[in-house]
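Here's the structure we're looking at; comments come further down.
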Amino acid sequence: MRRRLLPAGFFLASLLLLAVSASAQIDQTRMDFVNLREDVRVLSQRVGELTLSVEQLARDNRELQNRANQNYVTVEQLNRAIADLNRVVQGGLADQKREVLAQVAGQMERLAKQTQAALDALAKNQASRPALPTAFTEDFPKEGINYTVQAGDTLSVIARKTSAKMQDIINANKITDPTKIRVGQTLFIPQGK
């Protein structure tokens, strides 16, 4: 078997490529090392800050414990304080209740006076109102129908609906006050004549 020899230029070019490649790797390694050194510096700084924070928290914790020990109260003291507070609240509620009752009493008195004045006026109007005739005639048809008063009905509306005379309805049912018919009331409606 015969060996083939490579030209010297090829060998030099290969060496040059290897040198360039090694140089690039060295540069990359240097960059990685610089970056690593910077990361270590930042981490060291952060660890220092955290150490200061932990120390401050430890001081704050000791101070809070000291305060808690100084502000310690007994259950008996708390019970007394709650009882005192309850007395104050109950007293305030009693005062407020008295004020509300006084206001309600005043309002009720005013309403009673207004109601009495309205009743007096109504009685005065009733006294001065002419007496309605209570005499009914038997002059109406004796044949007719029964009608149940509906909501909104008046005697004049019923008379129109049934084609009857209003006076005949009043006489047949002996209605003393035509304004006082009730829903559900049954009336005899005279027909004819």
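Overview of results
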item	result
Net charge of Cβ neighbours under 13 Å - reference residue 118; Lys, Arg +1; Asp, Glu -1	+2
Residue-averaged [θ]222 nm for the chain, counting only DSSP H segments that reach four residues, each worth -39500 (n - 2.57)	-25000 deg cm²/dmol
Count of lysine pairs in the chain with Cα separation under 30 Å (8 or more residues apart, or interchain)	18
Percent RCO, i.e. relative contact order, over the chain, from Cα pairs under 8 Å lying at least 6 residues apart	17
Around residue 181: net Lys/Arg minus Asp/Glu count, Cβ-Cβ under 13 Å	+1
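A short reminder: the numbers here are calculations on the coordinates, not readings from a lab. All of these numbers come straight from a predicted model, not from anything done at the bench. Every residue, glycine as well, gets a Cβ built from its backbone with ideal geometry; the counts of neighbours run over all protein chains shown.
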